[in-house]
Amino acid sequence: MNHPSIAGLSPADAEREIDALIFSRSPEADHAAKLRRVAAALSRLGDPHRTLRIVHVTGTNGKTSTSRMIESLLRAHGLTTGLFTSPHLTTFRERIQIDGQPLAQEALVRLWERVAPVVQAVDNESLAIGGPRMSFFEILTVLGFTAYADAGVDVAVIEVGIGGSRDATNVGDGEVAVLTPMAEDHSNYFVGGITGVAAEKSGIIKPGATVVSAMQPEVAEDIIRGAAASAGAVMRWEGVHHEVLGRAADPAGQVVRMRTMGAVSEALVALHGDFQAQNAMIALGATEAFLERFLGVTAAEALDAEAVARGFAGATSPGRLEVISDQPTIVVDAAHNPHGVEALAATLPEAFGFSTTVGVVAVLADKDGEGILAGLARVVDHVVVTQTDSPRATPVAELAVAATAVWGADRVTIAPTVAEAVDVATEMALGAGPEAGVLVAGSITLVAAARRVVQRDHMAEVRIVPPRLADAGESSTETIPA
């Protein structure tokens, strides 16, 4: 056993220890050097990322749901798959999936025994020259690439953590680069507004790749075109090479008709909203592009209609317009920027049609809290503000002041903890009638906490129902994890 701290532990206890060891580390700070640390660690492990065929996904909103749909579609076409996404809601093994399932605890333990000494060696090298230890996201990236290589997957669908060119995942070479819609976010990371966002994210475009892009702001489109030309990559654009031809609401989601390079497809997508129809179309275009390369076929020969139907039917997106209770209906959505909230507000009435909506809101201090609150005001009648345990959480008193400016004092309630906020909102919704509901939104950490609260404290009172999966513009998993 290379790591004595997990020697003799059960798989569950070992996972908890590994979780603590990884997430006690600082978030990424020195972005310029993290690729070198990740590459150094992978080199000591035999460069497993060089054996992988990769679909690399970036964007501001939609990239997690798009990644999950790509993986499901490729698996439905008979490929073995890896899926790397962030953040997680229950166990960090959700971030490293193989064939649609989180990495098994036993596999995690075996993997950690190999990777932990390598992490220690790279830490020592970095500290010796005045640098930091590897961040937790760098370690997760190393674990993911190594796990997929060990499993011998046909394809790894890799979602960036933040940005693109400087992201830890960019050590891999994606033969299909997927660009979901871009918008301004993380002004402390992206310099120069949307120009900086596009420059950073187009950095995942590798030589000879196929680029599948959503419609982008004009300035971003120009930057992407330049990056693709410099890399000798092939561009496929929404509106030119792929598009949504139509969509119809369905109790289980929506039926979407899509055109890609080689086919017109119609499928039930178990996700709500026009943004999810766009995500589905981008996912289908990316799947087609990869299958062309993997199978050596034309676009017209790449997609199988039955596999497309199975793939979309099997795609999930926990924490995105997910129903976690039906007494009353409690919907959680990880919208944590104004763009994601805008999409959420446009979708909620179509998907649920609540007579009264009670909101539970918490935001992180590095987010546009005022913009999030203003967007939620379109669909929330009364808001319960709270804060999570995250060290980056906006204090509830500060959030209450901002919420009062939006809703007025009589429509704002303060709850110091997420558990209390969920209880208060539940009682309000029950009192408002059978058609009322609760919407939990504002940060990913809030959604994770609310899910835990309902599962732990409300199981005797409510029935946890399968997710009605959508993601309100993804709310973006574009996070600098904390």
Search result, residues across region 397-424 that are farther than 15 Å from residue 358 by Cβ and of a type in the set (S, T, N, Q): 404, 417
Looking at region 422-435, which of its residues are touching a residue at least 40 places away in the same chain (Cβ under 8 Å), surrounded by fewer than 16 Cβ atoms within 10 Å (Cβ to Cβ) and in a helix (DSSP H, G or I)? 430
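For residues in region 264-308 being of a type in the set (Asp, Glu) and in a helix (DSSP H, G or I), which is least open to solvent (accessible area, probe 1.4 Å)? Give the steps one after another, and end with the answer.
From region 264-308, those of a type in the set (Asp, Glu) are 266, 274, 288, 292, 301, 304, 306; that's our starting set.
Filter once more, so that each one left must be in a helix (DSSP H, G or I): 274, 288, 292, 301, 306.
Details: 274: 93, 288: 1, 292: 31, 301: 117, 306: 130 Å².
So, considering only residues that are of a type in the set (Asp, Glu) and in a helix (DSSP H, G or I), the one least open to solvent (accessible area, probe 1.4 Å) is 288.
State whether one or more residues within region 464-475 are at pLDDT 90 or above, open to solvent by less than 10 Å² (accessible area, probe 1.4 Å), closer than 21 Å to residue 389 by Cα and small (Gly, Ala, Ser).
Of all residues in region 464-475, those at pLDDT 90 or above come to none.
For region 464-475, residues at pLDDT 90 or above, open to solvent by less than 10 Å² (accessible area, probe 1.4 Å), closer than 21 Å to residue 389 by Cα and small (Gly, Ala, Ser): absent.
Rundown of residues vs (1) in contact with a Cys (Cβ under 7 Å, 6 or more places away or on another chain); (2) basic (Lys, Arg); (3) buried (at least 17 other Cβ atoms within 10 Å of the Cβ); (4) farther than 17 Å from residue 37 by Cα, yes/no style:
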residue	(1), (2), (3), (4)
110	no, yes, no, yes
115	no, no, yes, no
137	no, no, yes, no
161	no, no, yes, no
166	no, yes, yes, no
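If you go through region 49-79, how many residues are within 30 Å of residue 129 (Cα to Cα) and buried (at least 18 other Cβ atoms within 10 Å of the Cβ)?
Going through region 49-79, the residues within 30 Å of residue 129 (Cα to Cα) turn out to be 49-50.
Those left that are additionally buried (at least 18 other Cβ atoms within 10 Å of the Cβ): 49.
Within region 49-79, residues that are within 30 Å of residue 129 (Cα to Cα) and buried (at least 18 other Cβ atoms within 10 Å of the Cβ) number 1.
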Just checking, how many residues over region 436-463 are open to solvent by 10 Å² or more (accessible area, probe 1.4 Å) and modelled with pLDDT of 95 or more? 0
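If you scan region 168-205, which residues turn out to be assigned to a loop (DSSP other than H, G, I, E, B), open to solvent by 30 Å² or more (accessible area, probe 1.4 Å) and at pLDDT below 95?
Initially, region 168-205 is screened for residues assigned to a loop (DSSP other than H, G, I, E, B), giving 172-173, 180-192, 205.
Right, trim to open to solvent by 30 Å² or more (accessible area, probe 1.4 Å) and you get 173, 184, 187-188, 191-192.
The answer is 184, 187, 188, 191, 192.
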Here the residues within region 152-167 that are under 16 Å from residue 97 (Cα atoms), assigned to a loop (DSSP other than H, G, I, E, B) and in contact with a Lys or Arg (Cβ under 9 Å, 6 or more places away or on another chain) are 153, 154, 160
In region 316-416, which helices (runs of 4 or more DSSP H) lie fully inside it and hold 2 or more residues that are open to solvent by 40 Å² or more (accessible area, probe 1.4 Å) and of a type outside the set (A, V, I, L, M, F, W, C)? 338-351, 396-407
All but one of (1) open to solvent by less than 20 Å² (accessible area, probe 1.4 Å); (2) within 18 Å of residue 17 (Cβ to Cβ); (3) touching a strand residue (DSSP E or B) at 6+ places or on another chain (Cβ under 7 Å) hold for residue 82, so report the exception by its number. (2)
Considering region 227-284 alone, what residues qualify as being free of Cβ contacts under 8 Å to residues at least 24 places away in the same chain, farther than 23 Å from residue 348 by Cβ and not hydroxyl-bearing (Ser, Thr, Tyr)? 229, 240, 245, 257, 259, 264, 266
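Yes or no, residue by residue, for (1) within 19 Å of residue 157 (Cα to Cα); (2) β-branched (Val, Ile, Thr); (3) part of a loop (DSSP other than H, G, I, E, B):
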position	(1), (2), (3)
207	yes, no, yes
220	no, no, no
237	no, no, no
246	no, no, no
262	no, no, yes
Enumerate the pairs (first residue in region 392-421 and closer than 14 Å to residue 376 by Cβ; second residue anywhere and among the acidic types (Asp, Glu) and surrounded by fewer than 17 Cβ atoms within 10 Å (Cβ to Cβ)) with beta-carbon separation below 6 Å, excluding pairs fewer than 6 apart on the same chain, so at least 6 apart or on different chains. 402/370
Does residue 225 qualify as being among the basic types (Lys, Arg) and either open to solvent by less than 30 Å² (accessible area, probe 1.4 Å) or touching a Ser or Thr at 6+ places or on another chain (Cβ under 8 Å) (or both)? no
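The values are calculated or read from the model by the stated rules, or taken from the named source; none is laboratory data. Since the model is a prediction, treat every value here as computed from it, not as a measurement. Don't worry about glycine lacking a Cβ; one is built from the backbone with ideal geometry, like all the others, and counts go over all protein chains shown. When the accessible area is computed, the model is the full protein with side chains, heavy atoms only, and any ligands, DNA or RNA have been set aside. Shrake-Rupley method; radii C 1.70, N 1.55, O 1.52, S 1.80 Å.
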